[in-house]
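The values are calculated or read from the model by the stated rules, or taken from the named source; none is laboratory data. Computed from a prediction, not measured in an experiment: that's the story for all the values here. Heads up, the Cβs are rebuilt from the backbone with ideal geometry, glycines too, and the neighbour counts pull from every protein chain shown.
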Amino acid sequence: MTSEDSTSTQASISAARRAYQASLELAGVKGTVRAAALQAMARELKARQNDILEANTLDLEASREMAIPELIVEWLKLTPERVQTTVQILQRLGEMPDPIGKVVSASYQADQCQVYCQQIPLGVIALIYEAFPELAAIAAGLCLKSANSLILKGGTEASHSNTVIAEALQSAIDEVGLPVGSLEILPADRGASIRDLVTQDQYINLIIPYGRPSLVQQVVRQSTAPALRSAMGNCYLYWSPTGSLEMARWMILDSHQSEPDPVNAIEKVLIDPNQKPSSLVRLWNSLKEKGFEIRGDADLVADFPELRLAEVVEWNQPYLNKTVAFKVVEDLEAAIAWINRYSSGHADSIATESYQESREFALDVNSASTFINASPRFSRYQNRGDAIFLGMSNQKGYRRGLIGLKTLTTLKHIVQGNGQF
């Protein structure tokens, strides 16, 4: 091991230790204090908006010089609206009920004992992400609201933006007096490697990778701590013969309106062999007018030579841009089988007027969420309700689906005896 490697490993260990110690203290911090920290974070981001945007401009200029993929540049690009939305998310989180300490009925009873469950924080969360500078603030808000400490490791492409945002968040945390280590930042340009961080399982309770599939797969593969696999794109729509063209068109277009990242974007459409060619052409032309590229399987390309052929490897990979591939399947059962094999498994849809088809699709598609005649469009911040989300997970188990406050908590079973034995 070189001295540089040793320094990198030590940086991860030190950050994880501080975060672990802070998590023990955060569990006892009152919800009102944590809520005050979130409001202070919102104020700091708002006050430093110009500094954040200037730093982001430096990142964008450097990214173009380094020939960073245009997709990452789009994810990286902050606007006043994106910063303001992040401020609103923190404000809303601060106003929401405290999830910690909530009593939940137990799933079993014990003789002569009172049994109940209490919602508690997981402990230490690590977010490893590329681009998306605002994710640091959103993750910090979700973690502190749920009394977890957070370790952040962003990408080099966003180093200037991440630094200014981290300084704003840390200033707010210091102002309120939260424990040292509540927020730990590992700069991308120095310090820990991904492997160094994700192997600190003695301190870290959950690792969340966010970005392109290659990053997510790397983190999951290297991690010895529990990792929550986030998912993006490669969502499927089955356009039933009973479903209207207008419904299919709206679902596709609206699913791509999630900005800047197309988390639940419909990128693959399965169609019945009896679907009218005229309806297909109308849909394709409509999508092309909105800047979409249309691809097809071998059967469709044979009938419509102007289509670009979707290669075999494309059916289980996200495009993460305005590309939609169409494929002919025999029937609903074949569509469900194909989706279960090739979809990313976090958000798949059906356009149909058949109740039986809708029930079969909802029950048999093995995805975290299914949408029936509804757009799967993802939003981190709803204008109403207590819905703040970091992303989506296609992982089976307790933390499947939307990544929000509940994802960052767990249940403690408490058995209270009556003193008799």
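Brief remarks follow.
- Residue match in segment 167-180 (condition: polar (S, T, N, Q), surrounded by fewer than 23 Cβ atoms within 10 Å (Cβ to Cβ) and in contact with a Leu (Cβ under 8 Å, 6 or more places away or on another chain)): yes
- Candidates PRO179, PRO133 - the one that is outside any helix (DSSP H, G or I), under 25 Å from ALA47 (Cα atoms) and out of contact with any strand residue (DSSP E or B) (no Cβ under 9 Å at 6 or more places or on another chain): PRO133
- Whichever residue in segment 10-29 is surrounded by fewer than 19 Cβ atoms within 10 Å (Cβ to Cβ) and of a type in the set (S, T, N, Q) and, among such residues, is modelled with the highest pLDDT: GLN21
- Of everything in segment 324-336 that is surrounded by 14 or more Cβ atoms within 10 Å (Cβ to Cβ) and in a helix (DSSP H, G or I), the residue that is nearest to the chain's Cα centre (by Cα) is ILE336.
- Of all positions in segment 125-136, at least one carries a residue that is surrounded by 20 or more Cβ atoms within 10 Å (Cβ to Cβ) and charged (D, E, K, R).
- Checking LEU309, LEU283, LEU270 one by one, the residue that is without any contact (Cβ under 8 Å) to a residue 40 or more places away in the chain, in contact with a helix residue (DSSP H, G or I) (Cβ under 9 Å, 6 or more places away or on another chain) and buried (at least 21 other Cβ atoms within 10 Å of the Cβ) is LEU283 and no other.
- Among residues of segment 65-76 that are of a type outside the set (Ser, Thr, Tyr) and in a loop (DSSP other than H, G, I, E, B), those with a Cβ under 7 angstrom from a residue that is surrounded by 13 or more Cβ atoms within 10 Å (Cβ to Cβ) and modelled with pLDDT of 90 or more, sequence gap 6+ or separate chain, pair up as ILE68/GLU157.
- Pairs with Cβ under 8 Å, 6+ apart, first in segment 30-48 and under 20 Å from GLY101 (Cβ atoms) and at pLDDT 95 or above, second among the β-branched types (Val, Ile, Thr) and not in a loop (DSSP other than H, G, I, E, B): VAL33/VAL176; ALA36/VAL176; ALA37/ILE173; ALA37/VAL176
- Checking each residue in segment 288-316 for being under 18 Å from LEU237 (Cα atoms), in a loop (DSSP other than H, G, I, E, B) and not aromatic (Phe, Trp, Tyr) picks out ASP297, ALA310.
- Criterion violated by GLU157 - all others in (1) of a type in the set (D, E, K, R); (2) surrounded by fewer than 22 Cβ atoms within 10 Å (Cβ to Cβ); (3) part of a helix (DSSP H, G or I) satisfied: (2)
- Failed item, numbered, when GLU184 is tested on (1) within 20 Å of GLN395 (Cβ to Cβ); (2) crowded, with 23+ Cβ neighbours inside 10 Å: (1)
- Cross-chain or 6+ apart pairs with Cβ under 8 Å, segment 211-229 first and closer than 23 Å to THR410 by Cβ, then aromatic (Phe, Trp, Tyr): VAL216/TYR210
- Residues of segment 54-79 that are of a type in the set (Ser, Thr, Tyr) and either at pLDDT below 95 or within 18 Å of the chain's Cα centre (by Cα) (or both): SER63 alone.
- Each residue in segment 231-267 was checked for being in contact (Cβ under 8 Å) with a residue 60 or more places away in the chain and assigned to a helix (DSSP H, G or I), and 7 pass.
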